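Laboratory data are not the source of any read-out in this text; all were calculated from the coordinates shown. Computed from a prediction, not measured in an experiment: that's the story for all the values here. As a convention, Cβ positions derive from the backbone with ideal geometry for all residues, glycine included, and neighbour counts pool all protein chains shown.
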Amino acid sequence: MDLPYDPSDPASIDNHASGLISKTLREVSEVKDSDVTAKGKGDLGTLVEKFYFHQTPPNTHEPDFPEAGLELKVTAVKELVNGTLVPKERLVLGMINYHAVIKEDFETSYIFRKVRLMLVLFYLYTKGHSVIDMRFLAKHLWPLSPQDLKLIHDDWLTIVKKIDAGKAHELSEGDTLYLGACTKSATSANRTTQPNSTEPAKPRAFALKASYIKTLLEEDTIHRDLYSNFFAATPSESLEEAVTKKLRPFIGKTDDELFASIGQGLGKTAKHRHALLTNRMLGIKTPKISEFEKAGIHIRTVRLNTAGTPREDISFPHFDYMEIIEQRWEESDFKDIVESKFFFIVYQETADGALVFKGGRFWNMPYEDRIEAERVWNETVKRIKTGHADSLPNKKFSDVAHVRPHGRKASDTLPAPGHLNEVKKCFWLNASYIATQLR
DNA sequence: GCATGATCATGC
DNA sequence: GCATGATCATGC
């Protein structure tokens, strides 16, 4: 048949995709309910290609439009309570074949061929509806910038090196910045073989992090003035090296000195004043650092006492008792946290009470400690389920993490099994644990 | 000195 | 008004 667009021309494909915006697939094509398979999950992309673009998706690792070198991605967004749209999930590019990937080069890998130029269609996820009735809201034609391509290349190498070292079971999304190795399995017990080790590993896929998609969407629209970049891609330099180089001149200065020299206009009493100061050190005037936002990096200030131990434990958003008992570890918020990357801004107290900047440190949780975090999470859920939300794992239970209150005040509560008003709580990383990790 | 509970400052 | 990250307060 004659196609209503030119499959060798990205602009023409993009233009044809415009006809989907504000529509559902059912409204603009001949698709029927019987075309939707079993769960209906994940196959909207296939249906769009077949019924709207009249293409048979290549069952190889080629981009969907090989002549145009363009990969079509259909992905869900959800609406937050405040009305903003955010990606519902990571953008999965394809399963990782642990045995094959260690023999590949990035330049010839399917990841490279796919991410170079992507047309991403965003639809609003609406629970309980068939995928063909979910509405498309926006699209974006993405030729990857050289900076992003460089970091994704670095990420790919990091992942493949770890697999080649026989550590596929230790992979974590926190190992990398934009391209992650996300777990991909219906059941958390599912394991596969890996090269150079007898240890079974969770199946994982290459995926662009949700934080990456979210930032690109925002940068593209109304929030442009929120973000700025500091990373200039040079072949030899990693993001970590670029950060280290920027921060080096400020190491050894006190926070008072830093506020005086580069902190004009910053509130000195703000609790996140040290994070703001870091932006200034990186030469960034906007509230957010583009590269850190894309990578979903948790930026946290660590204030060491004179003995070199953090004064405080590290808190996270409180959880909902009734929600967490319905979750499995694999889909929990805390699992996402322990598989994310952190950037610690380290200050040390001196005997005379000054705070000296010691530098920034990237960190993500090692494998054994993620197993321990999972143990704490499981015990927490078990206790809540059995009506003990008032007595959750404390510091004696684990060297890595504990649970304790995190509300705005004692009366800031949520319902839990057996408790109508239990104070809001969250997972904390133990200060003593962070101390050992920083050494 | 540390564990645990409670609350503050800011942004949206 | 609430979420979030940071910090304070209390008691053993």
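General remarks:
- The overall shape of region A:220-296, judged from the alpha-carbon gyration tensor, is oblate: a/c is not under 1.5, and a/b is no greater than b/c.
- Here's the picture: charge each Lys and Arg Cβ at +1 and each Asp and Glu Cβ at -1 in chain A, and of A:263, A:332, A:208 the one pushed furthest to the positive end of that dipole is A:263.
- Residue-wise HN-Hα couplings along region A:369-383, as the Karplus relation 6.51 cos²θ - 1.76 cosθ + 1.60 with θ = phi - 60° gives them from phi, are 6, 5, 5, 5, 4, 5, 5, 5, 4, 4, 5, 4, 5, 4, 5 Hz; Gly and Pro carry x.
- 20 Å tail of the calculated P(r), region A:104-177, as % of Cα pairs: 52
- Over 20 Å (Cα to Cα) - which of A:127/A:335; A:202/A:335; A:162/A:202 fall in this group: A:127/A:335
- Within region A:193-262, the ratio Rg/Rh, alpha carbon atoms throughout and Rh by Kirkwood, equals 1.16.
- Projecting the Cα atoms of A:432, A:177, A:198 onto the dipole axis of chain A, where Lys and Arg carry +1 and Asp and Glu carry -1 at the beta carbon, places A:432 farthest toward the positive end.
- Shape call, chain A: gyration tensor on alpha carbons, a/c limit 1.5: prolate
- Straight-distance candidates among the lysines for linking to residue A:73, with alpha-carbon spacing under 17 Å and chain neighbours fewer than 8 residues away dropped: A:23, A:41, A:50, A:88, A:114, A:139, A:209, A:214.
- Remark: A:261, A:172 ranked as A:261, A:172, counting other beta-carbon atoms within 10 Å and listing the fewest first.
- Prolate/oblate/rounded label for region A:216-370 (Cα gyration tensor, a/c 1.5): oblate
- Placing +1 on each Lys and Arg Cβ and -1 on each Asp and Glu Cβ, with no other charges, gives region A:278-374 a dipole about its Cα centre of roughly 840 debye.
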